[in-house]
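Report on one structure; see the data block that follows.
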């Protein structure tokens, strides 16, 4: 009788182990195997698509400034126009998706190096003995071009309203991209500049 009870209890233990293995296969292995052949979730696709954009130009602007200097007792004045670009690096963005909430942490917008250039001189004057005369001398343009370019770029970099416009544009563009790529109906989007 003892042998029969021992044999039955071994069978019960063996059956319990087999049932546990079967449950593990059903709840763990089967979903993993199903996913192996399926495409990645939309959230992963959205994150990859947005990061692949890399550096995104979000705001172009122009800036003008008067530049004056004196040479050989003659004051020279020129008005220069420069153009610049603000961009944001989406490759360094951190994107978190929880249900329909999407939080995107992106680096601050920045005026990228080499993105500001002097494009034109529109008016050049020479003042001699208090009298104004027009002079479109190419020598004046080239003599003052580098200094004027530095001055314009510094003015643009310190202009808070340009940066604010760039941030607002970045928000709108990134939100549109997220809505397009996420596949989530009515996502709640939070964009944070870090």
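All of the numbers you see were taken from the coordinates with simple rules; none came from a lab. Predicted, not measured: the structure shown is a model, and the values here were computed from it. Cβ atoms come from the backbone with ideal geometry, glycine included; neighbour counts cover every protein chain shown.
Quick rundown of the values:
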read-out	value
Ranking of 182, 68 by count of other Cβ atoms within 10 Å, fewest first	68, 182
Packing-based order for 165-173, 80-88, using average beta carbon neighbours within 10 Å, highest first	80-88, 165-173
Least to most buried among 150, 98 (fewest other Cβ within 10 Å first)	98, 150
